[in-house]
1. Based on the alpha-carbon gyration tensor of the chain and its eigenvalue square roots a ≥ b ≥ c, which shape applies: rounded if a/c is under 1.5, prolate if not and a/b is larger than b/c, or oblate?
2. Sequence neighbours fewer than 8 away in the same chain don't count; with that in mind, list the lysines whose C-alpha is under 22 Å from Lys102.
3. May I ask you to rank Arg7, Arg44 by accessible area, largest first, using a 1.4 Å probe over the protein chains only?
4. Would you kindly derive the ³J(HN,Hα) couplings of the range 68-73 from the backbone phi angles with the Karplus curve 6.51 cos²θ - 1.76 cosθ + 1.60 (θ = phi - 60°), listing them in order in whole Hz, with x for Gly and Pro?
5. Just the accessible area per residue of the range 1-53, please: how many Å² with a 1.4 Å probe?
6. Using a simple spin-label model with points 7 Å from Cα along the Cα→Cβ vector, what separation in nm is obtained for Ala32 and Arg50?
7. Expressed as a whole percentage, what fraction of the accessible surface of the range 27-156 belongs to carbon and sulfur atoms when a 1.4 Å probe is rolled over the protein heavy atoms?
8. Give the cross-link partners of Lys69 among the aspartates and glutamates, using a straight C-alpha distance below 15 Å as the criterion and excluding same-chain residues fewer than 8 apart.
Amino acid sequence: MRTVILRQADADGRQLICYADLRSPKIGEIKACGRAQWLFYHPRKMVQVRISGRVTVHSGDATAEAFWKRVKGLSRLNYCAEQPPGSPLDQPSAGLSARLLKDLPNLMDSNAGRDHFAVIIGRVETIDWLRLRPSGNVRARFQWEDGHLQASWVVP
Ligand SMILES: Cc1cc2nc3c(=O)[nH]c(=O)nc-3n(C[C@H](O)[C@H](O)[C@H](O)COP(=O)(O)O)c2cc1C
């Protein structure tokens, strides 16, 4: 279970997209099962959405390259740590090498983190939608099978 920033949601293609360091444990977990669940909550609308489906990881391919071009400035530093995410450290640190830190302004525009950059693309196969209402909660289930959508209300 991880909090991530949703980078893109494509309604027509039924895709959800986020980024991660290729070396992070989540990538291994996703690759092992090929699936992921996505949890959203809108506090003002009081709507919870749970999505599940197959997931692919892109790194070092045309897809990764296209998304890498959108990663700007300080965000590029997220993929520049010397050691993989989760590696032990002696003191609090972002894990960037002294050599890279010395060159910080250039680093933000460079491709130093590109090899560690991974794009996670999830296919939306099922949606469990729940709306909390004072007058009574409502819930619906959506499922795509062979391109056909089945939708039904269910007991919250
Ligand atoms: C608000 C917020 C946004 C985050 N966005 C991302 C993200 O887009 N990608 C990511 O890999 N980790 C993101 N994280 C960090 C992950 O939740 C997680 O702690 C980290 O990726 C380590 O996961 P790992 O065990 O797979 O290495 C975010 C954390 C917070 C609190």
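1. prolate
2. Straight-line reach from Lys102, under 22 Å: Lys72.
3. Arg44, Arg7
4. 4, 4, 8, 7, 10, x
5. Heavy-atom SASA per residue in the range 1-53 reads 68 Å².
6. With each label point 7 Å from Cα toward Cβ, the separation is 2.1 nm.
7. Numbers: 4650 of 8770 Å².
Result for the range 27-156: 53 percent of the exposed heavy-atom area is carbon or sulfur.
8. Excluding near neighbours in sequence, the set is Asp61, Asp109, Asp115.
The values are calculated or read from the model by the stated rules, or taken from the named source; none is laboratory data. Computed from a predicted structure; not experimentally measured. Positions of Cβ are backbone-derived with ideal geometry, glycine not excepted, and every protein chain shown enters the neighbour counts. Remember, those area values only see protein heavy atoms, side chains included, never the ligands or the DNA or RNA. Shrake-Rupley method; radii C 1.70, N 1.55, O 1.52, S 1.80 Å.
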